[in-house]
Amino acid sequence: MARDKLVFFRNGVRTELSDVDPNETLLDYLRLRERSTGTKEGCNEGDCGACTVALGRVRGGKLTYEPVNACIQLLGQVDGADIITVDDLAEGETLHPVQVAMVEEHGSQCGFCTPGIVMSLFTLWHSGRNADRDAINEYLSGNLCRCTGYRPIADAAMKAASVKAKDALDKRLAETQKEIARLGNGEDLFVGSDDRFFAAPATVKSLAELAAKHPDATILAGSTDVGLWVTKQLRDLPKIIHVGRAKGFSDVKTNTSKIVIGAGATYSEAFDALAEIDPDIRSVLLRIGSRQVRASGTVGGNIANGSPIGDMPPMLIALDASLELNHGGEIRTMGLEDFFIDYGKQDRKPGELVSKVIVPRLKKRDRFRAYKISKRFDQDISAIMFAARVTVSGDRIVSARIACGGMAATPKRAKHAEAALAGARLSDESDWQRAIAALDQDYAPISDMRASADYRTKVVKNLLLKALGEIAADEGGGGEAMRVTAAQGATAAGAETARRAGA
């Protein structure tokens, strides 16, 4: 028997709802139903951060609060979570330490963005992280401020971090965690009718069965993409199946040879496992969306939506990752590169779920490079995503796997360039040039609002040059001269963008 009421907590107080439309957003619930109007609507697409709230879930046995964009978070997704908004922080007339610091450091002018900024800093305050400038910049990367400037806001974050006091959340944390744990009883959530519903199965088995039963339903993970279908495209999604409550669907498991990422794992949950593969992956992950986006968006969702400009698929293809798909309990596997057929078309049956991503670890002789090129450094869509895994033996390249996003209708390998690199010498740049020239056979990009075709072609060639130059220098095959050559090549393709993305 499925539960037919949404159950969540509002600042520790249990709330039950039976009248939940599948398309209702958390922001609309807060502002229109509760009249909790401290949380603002800005861009309504998860970019500006004015609508940021703190969402508490039990992660690894601990109640953890993460910032999320309420504007694109569907209300049904918060089942089993604790929601805290800017309206909840003060205790009577006493402001929260983060709010006090924002006042004292003059961190607000017009004030429209301030509630979201306060909530991002509130989650940092409760994270246990050392609030140094790097951490502050990361937590603020999803919050835009048009008038104040970020220095006084960062100063406020530093000042608040020095306050060692217990706030209202600290005082009720243990009890709230117990209440949330009681909801994890393995009971499916199904609100609505067979024709219009929001469902969140509690097990992988029931998730797969429901998806197969309703192949026309929208499969929802983090809502960082689907949310925009509702708020920007104004689409009506009558049937939504949310993967976020299925136990085990978001598990991340590691061993010495591979990492297995459940398709429901958010970027935050998969971050450490992916980042330890290579430092370049960590650098790219920190530029995928914002803290709010990574707390909601999933690795599996980034793959399943088939975007040609998704940041993860090129890196995973270069690593020779594979997928597990589940159709009503029937499992099949395939190489990730084979999943993408054409623009907007993937090798996935109606009702079939991407269930796992299997990522091999780098071997001893493997070298990896990944670069993201975008107009903004933080929280921007890629014009080009480049990734390469090169296997070396002494001065020779044994083999290479190169994959790019933004260069074709799907994330695509550069097989002609790979073939030209086999046997190439790291110490001889003329060997590299054959592979660089071969990229013309691999890619014929289009021009769009993010970059021209000519720019993309030049940049991807210089990124391959950059990668080979760095690898050669690291292997002792040309030393600093190779680094200079690679840097000069990157400069020719648009210096500042390439430098910030890959250096």
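Here, each number is a calculation from the coordinates, and none is a lab measurement. Bear in mind the structure is a predicted one, so any value in this text is a computation, not a measurement. Glycine gets a Cβ as well: all are built from the backbone with ideal geometry, and neighbour counts include every protein chain shown.
Applying 0.36 nm per residue to the separation of Arg196 and Phe377 and subtracting their alpha-carbon distance, the gain on full extension is 61.1 nm. Between Ser162 and Asp320, the simple spin-label model (points 7 angstrom out along Cα→Cβ) gives 5.4 nm. Here the peptides 185-196, 97-108 are ranked by packing, the mean other Cβ count within 10 Å, and the order with the highest first is 97-108, 185-196. Panel values: region 6-183, Kirkwood radius from alpha carbon pairs, Stokes-Einstein at 25 °C and 0.890 mPa s, translational diffusion coefficient 150 µm²/s. Only helical runs count toward this figure. For the chain, summing -39,500 (n - 2.57) over DSSP H runs of n ≥ 4 and dividing by all residues gives -10500 deg cm²/dmol at 222 nm. In a reduced charge model with +1 at each Lys and Arg Cβ and -1 at each Asp and Glu Cβ, the chain shows a dipole moment near 820 debye about its Cα centre. Mean projection of the Cα convex hull over all viewing directions, computed for region 2-103: 7.8 nm². Taking every alpha-carbon pair in region 98-172 and binning the separations at 10 Å intervals from zero gives 21, 58, 21, 1 percent. Each Cα pair of region 141-185 feeds into the Kirkwood radius, which the Stokes-Einstein equation turns, at 4 °C and 1.567 mPa s, into a diffusion coefficient of 94 µm²/s.
Label positions at Leu228 and Gln109, each projected 7 Å from the Cα along the C-beta direction, are separated by 2.8 nm.
Comparing Cα centroids, region 38-78 and region 324-391 end up 26 angstrom apart.
Once the Cα-Cα distance is subtracted from the 0.36 nm per residue extended length, the Ser447 to Asp19 segment shows a gain of 149.5 nm.
In a fully extended conformation the segment linking Arg129 and Asn305 would gain 60.1 nm over its present Cα-Cα distance, using 0.36 nm per residue. Between Arg33 and Lys415, the C-beta separation translates, for a Förster distance of 51 Å, into a calculated FRET efficiency of about 0.40. Between region 395-429 and region 281-297, what is the C-alpha centre distance in whole Å? Going from one Cα centre to the other spans 27 Å.
Taking the average, over residues, of other Cβ atoms within 10 Å as the packing measure, peptides 209-220, 441-452 rank 209-220, 441-452 from highest down. Where does the Debye-calculated log10 I(q)/I(0) of region 252-502 sit at q = 0.09 Å⁻¹, using only Cα point scatterers of equal weight, no solvent? For region 252-502, the Cα-only Debye profile gives -0.37. Inverting the pair-averaged 1/r between distinct Cα atoms of the chain gives 23.9 Å as its Kirkwood hydrodynamic radius.
Can you say what percent of the DSSP beta bridges in the chain, counting only those with both residues inside, are antiparallel? Round to 5. The antiparallel proportion sits near 85 percent. Note on Ala90 and Asp338: with the Förster distance fixed at 41 Å, the Cβ-Cβ geometry gives a FRET efficiency of about 0.15.
A simple spin-label model places pseudo-atoms 7 Å from Cα toward Cβ; at Lys62 and Cys43 they are separated by 3.0 nm. Neighbour counting of Cβ atoms within 10 Å sorts the residues Tyr29, Tyr371, fewest neighbours leading, into Tyr29, Tyr371.
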